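This report concerns only the one structure given below.
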Amino acid sequence: MTSTNPSSAIPQGAAGHRHSTRVRRALRVGSVALVLVSLVWGGYFAWQGDTLLVAANLLMGGTGAWCVRLARRGDTRGASLLLVGMLLLVLCLMCVFLDIPSPRAPRVTHHYLLALGATALLLFRNDRPWLRHGAPLLCFAAFFVFGSTQWGIVTPHALPDELRVLGSWANSAMAMAVMYALLYVMLSEVAEHKAMVADLRRALQDPQQQFALVYQPQVDTAGRVRGAEALLRWTHPGRGPVSPAEFIPVAEQSGQILPLGHWVLGRACAQLVAWAEHPQLRELTLSVNVSAQQFRQRDFVPQLLSILQRSGARPGRLKLELTESMLVNDLDDIVAKMRILKAEGVGLSLDDFGTGYSSLSYLKQLPLDELKVDKSFVQDVLENPQDAAIARTVTTLGLTMGLSVIAEGVETAGQRDFLAGIGCRAFQGYLYSKPLPAAEFDAYAERQALQRAA
Ligand code: C2E
Ligand code: MG
Ligand code: MG
């Protein structure tokens, strides 16, 4: 099972959420540029009658087009890996076979490797260390080798000096332009991040003003509402609604997730208390997302127990959604905390299951109640046999371990029927309802309960 991000509670998997719009746009532009460059060079080599290089360019163009498709589908990580990997390979091959330095014209293709290294740094900045550091270092090492040696392999495909003299100006200028654009994106990213940290700090002074919880129903196979997931919303005074996929990672990096998460738990418990007074809502459970950093706090358990006690909420109605990413370090401490919470009656669910690091040996040590099949697998469960196989495996695994299994991101009756067919007994997704403000959720759940009773 794969993951991109060891620290975040934001699901990664097929959808690489943590990249800003600007970086995603840069990725799309890079992929389109790869397609265009391959078309231009493919045309040139076709004119020269070099079929091998035409084929190589077609492959490159095809890769660029595939990257565009992946990025459009939201698979930023897949697109980044393909783009950086392909460009590194192509540039190295060009340095070795096409752009061989001579006394008349120096090699310049390797200048692009610097820009590629910087791109890799930007694209993989939240990824695992081997990729975060490995990809840029590989590009810089290749730059070093091709920049400081004359090494090349002479074949009939090598570019003639007349073309390379012209190319040395054009390519150097182009590589500088790419570098400038990248630095600009990086600086804007830093500025955007700093501004958001400051805005979050202001918002946290009075969380009630700008933050709110919305509630997404969780239903059983008969369509009965069994509970809800509490999802945080931030309405920025200037920008309007900001997606949690954007602000939660920033809150995590800046440590602000601790006060924010504390506020969320308080609000969730207050909601449980409010439901306890409604005959039709009193048995509902409420799932709350807890970020890795929050759970790792030394006093997380006493904090939560104190919130429960002060609010008067029943611990058995609260469910914490943990992510696989928090299992990377100090598993013993995590398990110890989970055991105490479980003994107090608090439910424990593993969110976004299948997108992170879980190995079976980890999983069997955890005192969980529920596994949540990630929406990235549910999305294409009917079209993609691999996603269907993962959904089936995850469900079977959960059931075998005696856990309940809930699928999130269920949007169609077809998906629900497939998931029910493989043993899944609880569902959450737009098929039933989008996340709703408290009053609307209450009305929805009451309506459902009355319809069932009639
Ligand atoms: P999550 O916990 O996996 O939440 C599910 C996300 O899927 C929610 O996005 C929800 O609105 C969305 N979703 C639900 N049904 C569907 C569907 O049918 N189709 C699609 N395409 N999406 C659906 P949201 O609200 O944007 O939250 C994103 C993530 O932000 C959450 O993922 C969670 O990891 C994080 N998050 C949200 N609230 C909190 C919070 O209070 N604390 C922490 N630490 N993280 C939070
Ligand atoms: Mg969740
Ligand atoms: Mg999830």
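Points worth noting:
- For the set Lys337/Lys434; Lys372/Lys434; Lys319/Lys342; Lys319/Lys364; Lys319/Lys375, the pairs lying more than 21 angstrom apart at their alpha carbons are Lys337/Lys434.
- Radius of gyration over Kirkwood radius for the chain, both on Cα atoms: the Rg/Rh ratio is 1.06.
- Ordering 342-349, 434-441 by mean Cβ neighbour count within 10 Å, with the highest value first, yields 342-349, 434-441.
- Cα pair distances exceeding 19 angstrom across the range 28-137, given as percent: 49
- Rounded to the nearest 20 debye, the dipole size of the chain about its Cα centre is 400 debye, using +1 on the Cβ of Lys and Arg and -1 on the Cβ of Asp and Glu.
- Kirkwood Rh, angstrom, the range 357-454 [1 / mean 1/r, Cα pairs]: 14.7
- Cα long-axis angle, helix 244-254 against the chain (0 to 90 degrees, to the nearest 10): 80
- Prolate/oblate/rounded call for the range 200-324, Cα gyration tensor, a/c under 1.5 rounded: prolate
- When its C-alpha radius of gyration is set against 2.2 N^0.38 Å (N residues), the range 137-245 gives a value of 2.05.
- Label-to-label distance for Glu411 and Lys434 is 1.3 nm, based on points extended 7 Å past Cα in the beta-carbon direction.
- Intensity falloff of the range 218-282 expressed as log10 I(q)/I(0), Debye formula with alpha-carbon point scatterers, at q = 0.25 Å⁻¹: -1.08
- The convex hull defined by the C-alpha atoms of the range 256-367 has an orientation-averaged projected area of 7.0 nm².
- Cα lying deepest toward the dipole's positive end in the chain, options Ala181, Pro101, Ala274, charges on Cβ: Ala274
- Between helix 161-205 and the chain there is an angle of about 20 degrees, using the helix long axis and the longest principal axis of the Cα atoms.
- Assigned charges on the beta-carbon of Lys, Arg, Asp, Glu; the range 270-409 dipole about Cα centre (debye): 540
- Loop-resident GluC sites (Glu not before Pro) (DSSP state other than H, G, I, E or B) in the range 350-434 with no more than 13 further Cβ atoms inside 10 Å of their Cβ: Glu383.
- Rounded to 10°, Cα long-axis angle of helix 300-311 versus longest principal axis of the chain: 40
- The chain - mean residue ellipticity at 222 nm from DSSP helices (-39,500 (n - 2.57) per run, n ≥ 4, rounded to 500): -19000 deg cm²/dmol
- DSSP beta bridges fully contained in the chain are about 40 percent antiparallel.
- Lys/Arg +1, Asp/Glu -1 at C-beta; the chain dipole; positive extreme among Thr21, Val54, Ser168: Thr21
- Each part reduced to its alpha carbon centroid, the range 418-436 and the range 148-206 end up 44 Å apart.
- Per residue convex hull volume, Cα atoms of the range 286-440, in Å³: 112
All of the numbers you see were taken from the coordinates with simple rules; none came from a lab. From a predicted model like this one, the values you see are computed outputs, not experimental measurements. Cβ atoms come from the backbone with ideal geometry, glycine included; neighbour counts cover every protein chain shown.
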